[in-house]
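Notes to accompany the following structure.
The values are calculated or read from the model by the stated rules, or taken from the named source; none is laboratory data. Everything numeric in this text was worked out from a predicted model, so none of it was measured. For neighbour counting, all protein chains shown are included, and Cβ atoms are generated from backbone atoms with ideal geometry for every residue, glycine included. Heavy atoms of the whole protein, side chains included, go into the accessibility calculation; ligands, DNA and RNA do not. Shrake-Rupley method; radii C 1.70, N 1.55, O 1.52, S 1.80 Å.
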Amino acid sequence: MNQTRSLGRRLKDQVHIELWSMTIGAIVNGLLGSALVPRPLRLLGYRAFGARIHSGNIFPGLRIHGALRNVEIGRRTFLNAECYLESVGPITIGAACQFGPQVMIITSHHPTLPDGTVSRVAEARPVVIGDRVWVGARAQILPGVRIADDAVIAAGAVVARDCPVPGVYAGVPARLVRQTSVVAEPA
């Protein structure tokens with residue numbers, strides 16, 4: 001009985017994922033992410049599907065997987081080509097941020113169960129990025145991370161822990177390599 005229920009649930013989950021990919025996902029990632037769609041129209045499209053994007057600087061190739069209502073991007077923030085937002089949990093990006101190409105933000109985590117196996121059920125962990133943050137090309141920001149205002153994430157860095165102070169974070173996993181004292185421009 002329990003195996004039948006879990007098989008039914010897995011099937012339902014797979015059907016849900018496939019339907020999303022064929023409908024909303026195709027529109028959001030296929031059409032709106034296309035270089036053929038002008039930036040103002042792209043912004044309106046993302047907003048129509050529930051994203052709270054307050055910046056028109058979203059370049060082609062953006063991929064959003066998960067709930068668009070979980071995505072919030074502040075004013076004057078720039079997302080370069082081919083960024084990836086996995087929004088199982090909330091993603092909050094502050095104002096006046098700069099993202100290089102192919103930056104990846106992940107919000108789903110699969111915890112280890114008491115028996116030592118990894119859960120197949122994703123657990124959402126929000127990602128919060130402050131104002132005026134600069135994220136280099138191909139950096140990865142992992143679930144549950146908070147990044148302080150005025151931080152710099154080096155290209156290729158993997159941010160697995162909070163970045164609590166303004167400074168430059170680099171490496172795998174990313175660590176503070178230089179603290180900065182920044183006179184911040186208004187966000």
For this session: Apply 1/(1 + (r/R0)^6) to the Cβ-Cβ distance of PHE49 and ALA122, taking R0 = 30 Å, and write down the FRET efficiency to the nearest 0.05.
Result: 0.90
Problem set entry | Sequence-distant residues sharing a close amide H with VAL159 (under 5 Å, placed H) | GLN140, ILE141, LEU142, ALA174
Exercise. Any idea of the accessible area per residue across the chain, 1.4 Å probe, to the nearest Å²?
Worked result: 56
Problem set entry | Percent RCO, i.e. relative contact order, over the chain, from Cα pairs under 8 Å lying at least 6 residues apart | 12
Exercise. What spacing in nm lies between the two simple spin-label points modelled at ARG63 and ALA81, each 7 Å away from Cα in the Cβ direction?
Worked result: 1.6
Exercise. In degrees, nearest 10, range 0 to 90: what is the angle between the Cα axis of helix 39-48 and the longest Cα principal axis of the chain?
Worked result: 50
Exercise. Given labels modelled 7 Å from the Cα in the Cβ direction, how far is it in nm from LYS12 to ALA160?
Worked result: 3.5
Exercise. Taking a ≥ b ≥ c as the square roots of the eigenvalues of the Cα gyration tensor of the chain, is the shape rounded (a/c under 1.5), prolate (a/b larger than b/c) or oblate?
Worked result: oblate
Exercise. Per the 1.4 Å probe, what fraction of the accessible area of the chain, in percent, lies on carbon and sulfur atoms?
Worked result: 59
